[in-house]
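Read-outs: derived from the displayed coordinates by stated rules, not from any lab. Since we're looking at a predicted model, the values are computed, not measured. Here the Cβ is made from the backbone with ideal geometry for all residues, glycine too, and neighbour counts use every protein chain on show.
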Amino acid sequence: MSRRYWIPAVGLGLLFLSAVPTLLPRYAIDLIAQGMIFAIVGMGLDILVGYLGLPSLGHAAFFGLASYGLAIPVTRLGWAPWAGAGVGLLTAAVAAALFGLLAVRCRGVYFLVSTLAFGQVLWGGAVKWTSVSGGYNGIPGIPRPSLFGWSLWEPDAFYYFVYAVFVVVAAMLVLFVLSPVGKILTGIRESESRMRVLGYRNQLYRYMAFSLSAFVTGIAGILMAYFNTFVGPDSLHWSLSAQTLLMVILGGAGTLLGPAGAGILLVVAQNLISNVTERWTMVLGLLYVATMLFAPRGVLVLLRGLLAQRRPSS
Amino acid sequence: MTALSVEQISCHYGGLKALDSVSFSVAEGARHVILGPNGAGKTTLFDVITGEKSPSSGRIMLFGRDVTGLRSDRRAWLGLARTFQITNLFWDLTVEENVLLACLAQEQSRRVFYRPAGSFPDLVAKTRSLLEEFGLGKLAKVKVRSTSYGEQRQLEIVIALATQARLILLDEPTAGLSGEATKLVTRLTGNLPATITVLLVEHDLDVAFQVSQTATVLHQGKLIAHGPIEEVRANPTVRQIYLGRR
C-alpha cells in the first residue's frame, strides 16, 4: 500500500487505541486490551504463515506454555511476577528451539500436521498432569506485577502496559520484515531451490523465524495470563491455534498489520456477536468463506487493491 | 586453470542411468555448451554440479577443489551460479526484490534483521545498476508474475550474475523464446564478462554455435564427444545421434 494511505491509517489507529481508556467503558477497554494481545499472536504467526509460507496449527502451544511457565513458579513457588514472566518466555523459547529442529524439516500440510500434533500433546499433558497444571481447572490466582510504581491491577495501567508491548512488538516486527532477513524469508517462501543456489542456508533462516514467531506468541501468552489472572488447558488447545490462523488469513497473510487489525476486530466482534447469538463460530466460518470468495489474500490486500484502482497513477 | 572438472560421474534414478561415468573439464574463461537430445542427462548433470542432486559415484572439482560432498549453498560461495530451464524466480516479489535477494546472498548484511534492506546504500546501488545495465529498470516495481516470459528469462541471467559468480551454468536460456527475445538473450549471454566461465545447455544449435567455442555431447547419459565445437559438429557419431543425419 502506498505510504500516503498506510502511515495516516496506522497513526489514526494507534491514536485511537491510546485514547480508548478515556473514551470507552470498562468492558470495552478490557475487550480491546484482549484484542491487542491476540494482535500480537497474529503478527507473530504471520512471520511464519505470511512471510515464510509455513501454516502452523499449533501456535497455541507457545502461547499456553508461556502462560503455564509464568503461572507455575509464581503461584506454587511464590516467585515474583516478573521473574515468572521470564520463566514463561524462556519456556516458550526453549520449546520452540527444540520442536523447531524437527518442524522446519517439514513443508506445507506436513508442517501443519506436525505443529497440530505438538500442540495437542501439550494440551493432553496439561489436562492429565493435574499435580502440575491443575488439569481442567487450570491455575487461578496469577498476580499482576507493578511497573515503575504503577500496579497493573489498575485497569487503565494494565491497558497501557498491553498497548506499549503491542506497539513495541509491532514496530520491531515491521523493522524485521523490511530488513534483509525479512526479505530473505519471502525469498525462501517463493523458491527454496533458487535461494539455495544463490548461497542461502534456508534451513537456518527457517529455524530462526520459527523461533522468533514462537517467542512473540509467548509474549502474548504472558500478557494473557496477567489479563485473566488464570491459565487453563484451553490456552493450549488447537481451536485457539485455528482461530489465530484464521486471523492471519482474514487480515491478509504477509502484511503484518492486517493480522494485527484482524486480531483486535475479531475479539471485539466475537464479544458483540456473542451477546446476540451463541453461534459465533458459525459467523466466523461465514466470514472465512466470504473472505476466501471475495478477498482470498486477506482484507488488507483487498483494500490495497481497491485503493490502487482509485489511483491508477501510483 | 580448470574451472570445472567432472570426473567419472554416474547418477541413477532407480534402474535408469541418467549419467553414466561422464568425465570432462572446462577451462577458466571458456564458453562451453552441453548438447544432447531430450533425456540425455543435461539437466541432471547441472543438478549434480550445483549439488541439488548427489551423484551415485564420481567427483566434481570446482576451481581445483573437490566439492562432491558440499551442499549447494556452500558451492554458491565458491563462485558457482546457475539459471533454471523451468523459470525459477520469486514470483510474488518485484523484479527489484528478486535482484536484491541475489545481490544480498553473499553480503554481510544478509544477517541483519533490525534495519530495513533499503537502508543499505551499497546493496540498493548494486541492485539498481544491475537493473539499469540489463534494461530492467522500468520493471523494478513490477511483480515478476506480471512480467513477460522473455523478461523472466533475462531476469534469470541477471540473478545468476548478481552473486559475482566465476562459473555460470545456463540451463537452456532461450527455451520457449520468440526469435527477437532469443536474439536478445543470446547477445546477453555472448556479452558476459570474459572472466566468467560459462557452461550452457542449449537446444538451439544456432545459439550454441554463436555463443560457445567448445562443446560436450551427451546421449542417454553417456559422453559421446568433447572438444572444439567445429570438431564436435563434424563428428559422425554426433551427426547421426544428435542431428539425425548420416
Measuring from label point to label point, each 7 Å out along Cα→Cβ, what is the A:Val168 to B:Ser10 span in nm? 6.3 nm
Counting other beta carbons within 10 Å of each Cβ, put A:Tyr136, A:Tyr68, A:Tyr200 in order, fewest first. A:Tyr136, A:Tyr200, A:Tyr68
Ranking A:His59, B:His203 by Cβ neighbours within 10 Å, fewest first, what do you get? B:His203, A:His59
Please name which of A:Leu23, B:Gln106, A:Tyr205 has its Cα lying farthest along the dipole of the protein assembly as shown towards the positive end, using unit charges on Cβ (Lys, Arg +1; Asp, Glu -1) and the Cα centre as origin. B:Gln106
Using a/c under 1.5 as the rounded threshold, could you call segment A:67-225 rounded, prolate or oblate? The axes a ≥ b ≥ c are square roots of the C-alpha gyration tensor eigenvalues, and prolate needs a/b larger than b/c, oblate otherwise. oblate
Let me check against my output: what whole-number percent is the relative contact order of chain A, with C-alpha pairs under 8 Å and at least 6 apart? 33 percent
Greater than 18 Å apart at Cα, pairs in B:Lys138/B:Lys183; B:Lys17/B:Lys222; B:Lys42/B:Lys222; A:Lys183/B:Lys143; A:Lys183/B:Lys138; B:Lys141/B:Lys183: B:Lys138/B:Lys183; A:Lys183/B:Lys138; B:Lys141/B:Lys183
So what are the ³J(HN,Hα) numbers for segment B:203-217, from phi and the Karplus equation (6.51, -1.76, 1.60; θ = phi - 60°), rounded to whole Hz, Gly and Pro as x? 8, 7, 5, 4, 4, 4, 5, 5, 8, 10, 9, 10, 8, 10, 10
Antiparallel DSSP beta bridges within the protein assembly as shown, percent to nearest 5: 60 percent
Report the full-extension gain for the segment A:Ser274 to A:Ala28: residue separation times 0.36 nm, less the Cα-Cα distance, to one decimal in nm. 87.1 nm
Quick one: B:Ile159, A:Ile7, fewest Cβ neighbours within 10 Å first, how do they rank? A:Ile7, B:Ile159
Using only alpha carbon pairs under 8 Å that are at least six residues apart, calculate the relative contact order of segment B:11-84 and give it in whole percent. 25 percent
Net charge near B:Ile168, counting Lys/Arg +1 and Asp/Glu -1 over other residues with Cβ under 11 Å of its Cβ? +1
Per-residue average of other protein chain Cβ atoms inside 10 Å, peptide B:72-83 -> 4
Could you work out how much longer the chain between B:Asn191 and B:Gln108 gets when fully extended? Use 0.36 nm per residue separation minus the Cα distance between them, nm to one decimal. 27.0 nm
On the formula 1/(1 + (r/R0)^6), with r taken between the Cβ atoms of B:Leu78 and A:Val289 and R0 of 51 Å, the FRET efficiency rounded to 0.05 is 0.50
Can you tell me how chain A classifies by the Cα gyration tensor, rounded, prolate or oblate, using a/c under 1.5 as the rounded cut? oblate
Tilt, helix B:149-162 to longest principal axis of chain B (alpha-carbon atoms), in degrees rounded to tens, equals 80 degrees
What distance in nm lies between label points placed 7 Å from Cα along the C-beta direction at A:Val109 and A:Ala242? 1.7 nm
Could you list which residues have their amide H under 5 Å from that of B:Ala225, counting only those 5 or more apart in sequence or on another chain, with H placed in the peptide plane? B:Val217
Suppose R0 equals 41 Å; then what is the FRET efficiency for A:Val10 and B:Ser129 from their Cβ-Cβ distance, rounded to the nearest 0.05? 0.80
Once B:Gln164 and B:Thr68 are pulled to full extension, the length gained, defined as 0.36 nm per residue separation minus their Cα-Cα distance, is 32.4 nm
By the mean-Cβ-within-10 Å protection proxy, highest first, B:192-198, A:31-37, B:207-213 rank as A:31-37, B:207-213, B:192-198
Would you calculate a helix-derived [θ] at 222 nm for chain A, using -39,500 (n - 2.57) for each DSSP H run of n ≥ 4 and dividing by the full residue count, to the nearest 500? -25500 deg cm²/dmol
Give the calculated FRET efficiency between A:Thr229 and B:Arg145 to the nearest 0.05, with a Förster radius of 45 Å applied to their Cβ-Cβ distance. 0.35
Whole-Hz Karplus couplings 3J(HN,Hα) for segment A:105-113, θ = phi - 60° and coefficients 6.51, -1.76, 1.60, Gly and Pro as x, run 7, 9, 10, x, 5, 5, 5, 4, 5
Evaluate the distance, in nm, between pseudo-label points positioned 7 Å from the Cα of B:Ser178 and of A:Glu154 along their respective Cα→Cβ axes. 7.1 nm
Most packed first (mean Cβ within 10 Å per residue), the peptides B:7-17, A:89-99, A:258-268, B:168-178 order as A:258-268, B:168-178, A:89-99, B:7-17
Nearest-20 debye value, segment B:96-232 charge dipole, Cβ charges on Lys, Arg, Asp, Glu: 680 debye
Other protein chain Cβ atoms within 10 Å, averaged over every residue that makes up A:202-211: 1
